[in-house]
Amino acid sequence: MKVLISDSLSEEGVSKLQEHFDVDVSTGLSEDELVEKIVDFDALVIRSGTQVTKRVIEAADNLKIVGRAGVGVDNINIDAATEKGIIVVNAPEGNMLSAAEHTIAMMMSMARNIPQANASLKAKKWERKNFMGVEVNGKTLGVIGLGRIGAEVAKRAQGMEMDILGYDPFVTEERAKSMGVELTTVDDIAKRADFITVHTPLTKETRNILDAAQFDMMKGNARVINCARGGIINEEALADALKAGKIAGAAIDVFTSEPPFDCPFIDIDNVIVTPHLGASTEEAQVNVAVSVAEEVISVLNGGSARNT
Ligand code: NAD
Ligand code: MLT
């Protein structure tokens, strides 16, 4: 059996697969190159870089499984794969703590202007007055999407004495209560929260869940965070709100188009950005690589998959 790994994968996952199969690691392939190559392979292992398009699936005559070393499967044409009987698996747990920690890091960096202050001092300037921050203690954090990562963010923010508002149509009052979260609506979060963070998948319901109408409702000291998927917060509306001084800042890890060099808010001073680093820790990358390797080994040996 042959496995193609088309994005960089932690060595622990690669060697696990090599114990069982013939493994080809080829990263940075264009769609045409992948279409030509995929025909020989029984499994494809990817991260977020590879786009598994309908054309790729149609060309994949031997493919049995696509393994996504991470959470989001939005770079895979699931309908085309399902139609062809190809199993799609992800690694839903391996990077959740890293993504939650990155969210907290972004919130604190934004609250204390750390990236801007760092850049200023390295430019040999001593500008203490320009970087007055805010405490998070006693502030309200709105969490939109209370799944694995949202719940971990809420827990960590409670450790810093923040009050948590939450919105998630699939979470019961009972579950929210056990998490110490007050369930409410997106608009109520927009009106009341000092910090708002989104942790949903990108779907037609969540696209632009924070839009111009919500920015209009926010307090002037509100700050928003997106470490989930580009497009959950409307990028144009965010840029307009920041330029008009309607909100105090934004911390963004993910973008509708990556790399986001044409993104409308990338150059605004009170926005801090990272290049989709939520899962970029040594621990998370080993976890997701091993998890996906185990799934591929099971399926290609005639067994079942856990995370379909
Ligand atoms: P999850 O499936 O555990 O949780 C998602 C939550 O969103 C669920 O509780 C679900 O009920 C909720 N939800 C669905 N539709 C909703 C809606 N319309 N309104 C409000 N809530 C809704 O997923 P997760 O592992 O917590 O991941 C969350 C997001 O983070 C995903 O988009 C994932 O791709 C992304 N992610 C990003 C990074 C990164 O590198 N920045 C790393 C890991 C995950
Ligand atoms: C994910 O969905 O797991 C993240 O976006 C992280 C990644 O793709 O590496």
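The values are calculated or read from the model by the stated rules, or taken from the named source; none is laboratory data. Computed from a predicted model, the values in this text were never measured in an experiment. Note: ideal-geometry Cβ built from the backbone for every residue, glycine included; neighbour counts use all protein chains shown. Just so you know, the surface numbers come from the protein's heavy atoms only, side chains and all, with ligands and any DNA or RNA stripped out. Shrake-Rupley method; radii C 1.70, N 1.55, O 1.52, S 1.80 Å.
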In segment 245-272, what residues are part of a loop (DSSP other than H, G, I, E, B), within 16 Å of L210 (Cα to Cα) and of a type in the set (A, V, I, L, M, F, W, C)?
I247, A248, V254, F255, F265
Only residues that are within 10 Å of ligand 1 (Cβ to nearest atom), within 16 Å of the chain's Cα centre (by Cα) and open to solvent by 20 Å² or more (accessible area, probe 1.4 Å): list them for segment 203-255, please.
T203, R207, I209, R229
Which of the residues that make up segment 63-92 are among the charged types (D, E, K, R) and either more than 15 Å from ligand 1 (Cβ to nearest atom) or free of Cβ contacts under 8 Å to residues at least 12 places away in the same chain (or both)?
K64, D79, E83, K84
Failed criterion for D163 (all others in (1) out of contact with any strand residue (DSSP E or B) (no Cβ under 8 Å at 6 or more places or on another chain); (2) within 30 Å of P92 (Cβ to Cβ); (3) among the acidic types (D, E) hold)
(1)
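From the set of residues in segment 49-73 that are charged (D, E, K, R) and in a loop (DSSP other than H, G, I, E, B), which is farthest from the chain's Cα centre (by Cα)? Lay out the reasoning, then the answer.
Restricting attention to segment 49-73, the residues satisfying the condition of being charged (D, E, K, R) are 54-55, 58, 61, 64, 68.
Subsequent filtering for residues that are in a loop (DSSP other than H, G, I, E, B) retains 61, 64.
Numbers: D61: 31, K64: 26 Å.
Per the criteria, the residue is D61.
Can you tell me how many residues in segment 93-112 are free of Cβ contacts under 8 Å to residues at least 40 places away in the same chain and assigned to a loop (DSSP other than H, G, I, E, B)?
Kept after step one, since they are free of Cβ contacts under 8 Å to residues at least 40 places away in the same chain, are these residues of segment 93-112: 105, 108, 112.
Within this subset, residues satisfying the condition of being assigned to a loop (DSSP other than H, G, I, E, B) are 112.
Qualifying residue count, segment 93-112: 1.
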One residue is enough: does segment 144-154 have a residue meeting the conditions in contact (Cβ under 8 Å) with a residue 60 or more places away in the chain, under 16 Å from the mean Cα position of the chain (by Cα), surrounded by fewer than 21 Cβ atoms within 10 Å (Cβ to Cβ) and part of a loop (DSSP other than H, G, I, E, B)?
no
Any residue at all in segment 9-18 that's open to solvent by less than 30 Å² (accessible area, probe 1.4 Å), of a type in the set (D, E) and within 20 Å of N90 (Cβ to Cβ)?
no
Enumerate the pairs (first residue in segment 255-281 and without any contact (Cβ under 8 Å) to a residue 12 or more places away in the chain; second residue anywhere and within 16 Å of ligand 2 (Cβ to nearest atom)) with beta-carbon separation below 7 Å, excluding pairs fewer than 6 apart on the same chain, so at least 6 apart or on different chains.
I266/P260; I266/V273
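Among the candidates S10, S26, S48, S98, which residue alone is within 16 Å of ligand 1 (Cβ to nearest atom) and farther than 23 Å from P201 by Cβ?
Details: S26 fails: within 16 Å of ligand 1 (Cβ to nearest atom); S48 fails: farther than 23 Å from P201 by Cβ; S98 fails: farther than 23 Å from P201 by Cβ.
The match here is S10.
Can you tell me which residue among V71, V88, V136 is within 16 Å of ligand 2 (Cβ to nearest atom), β-branched (V, I, T) and open to solvent by less than 50 Å² (accessible area, probe 1.4 Å)?
Numbers: V71 fails: open to solvent by less than 50 Å² (accessible area, probe 1.4 Å); V136 fails: within 16 Å of ligand 2 (Cβ to nearest atom).
One residue alone meets the criteria, V88.
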Taking segment 24-48 and keeping only residues that are open to solvent by 60 Å² or more (accessible area, probe 1.4 Å) and part of a strand (DSSP E or B), one is left with V25
Qualifying positions in segment 20-32 - without any contact (Cβ under 8 Å) to a residue 40 or more places away in the chain and either on the phi < 0 side of the Ramachandran plot or of a type in the set (A, V, I, L, M, F, W, C) (or both)
D22, V23, D24, V25, S26, T27, L29, S30, E31, D32
